[in-house]
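For reference, the structure is listed below as structure tokens.
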Amino acid sequence: MSRSNPLSSRCTATSKATKLQCTQWVVGGGVCFHHGGAAPQVAASREARVAVWEAANRGDPIEVRDPGEALLAAATTADGLVQRLQHELAEAERLAPATLMALGEWLDRVGRLSKTVLDARIDERRTRVSEAQGQRIFTVLRDVLVELGHDVTPGSPTAQVVVRHLRAMAEPPAVTS
């Protein structure tokens with residue numbers, strides 16, 4: 001694609017006879033309609049490139065995430081898309097080949113991402129990080145309470161209250177319907 005405008009470039013096809021590149025311009029890159037650019041899969045790829053470029057250049061603030069968190073978010077997003085596709089197929093009167101194809105591709109992607117998440121032991125890492133944060137919070141609370149003159153020896157009423165509240169904070173919230 002062109003450096004001045006990444007969404008516009010010349011057709012990538014070359015003539016067999018002249019060995020010259022086609023002179024047609026293509027929004028999103030790839031080949032022009034004369035050289036197969038009108039084919040559904042080629043048009044879809046071109047539209048995907050345009051969508052990615054627009055999303056990357058939108059200017060919205062982004063959150064810098066840990067690679068493990070980004071991987072877990074990707075797996076979660078992909079799984080959500082699979083669930084939507086499954087719902088769409090269940091609700092459809094007749095099966096659309098494109099939806100079936102998309103579902104198959106996304107099921108494969110979810111499987112690969114899920115395996116990568118498991119291989120990376122992200123849950124174990126999150127647990128270690130959470131435990132370390134809990135220990136730091138406990139240390140700060142203990143130091144503050146000691147400075148205020150409270151007895152925080154193990155088993156004291158103050159220590160029991162602090163431990164009980166920290167454990168309650170660590171438990172997942174109850175789901176209400």
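The values are calculated or read from the model by the stated rules, or taken from the named source; none is laboratory data. These numbers were taken from a predicted model, which means no experiment stands behind them. Ideal geometry is used to build each Cβ from the backbone, glycine not excepted, and the neighbour counts take in all protein chains shown.
Descriptive notes on the structure:
- As for region 10-17, it holds at least one residue that is out of contact with any helix residue (DSSP H, G or I) (no Cβ under 9 Å at 6 or more places or on another chain), surrounded by 15 or more Cβ atoms within 10 Å (Cβ to Cβ) and either charged (D, E, K, R) or not assigned by TED's automatic domain parsing to the domain that holds Arg112 (or both).
- Selection of region 18-66 for residues being among the aromatic types (Phe, Trp, Tyr) and over 11 Å from Leu7 (Cβ atoms) yields only Phe33.
- Within region 110-159, tally of residues that are hydroxyl-bearing (Ser, Thr, Tyr) and either loosely packed, with under 11 Cβ neighbours inside 10 Å or in the same structural domain as Gln86 (by TED's automatic domain parsing) (or both): 4
- Residue match in region 86-108 (condition: among the β-branched types (Val, Ile, Thr), under 16 Å from the mean Cα position of the chain (by Cα) and closer than 29 Å to Gln41 by Cα): no
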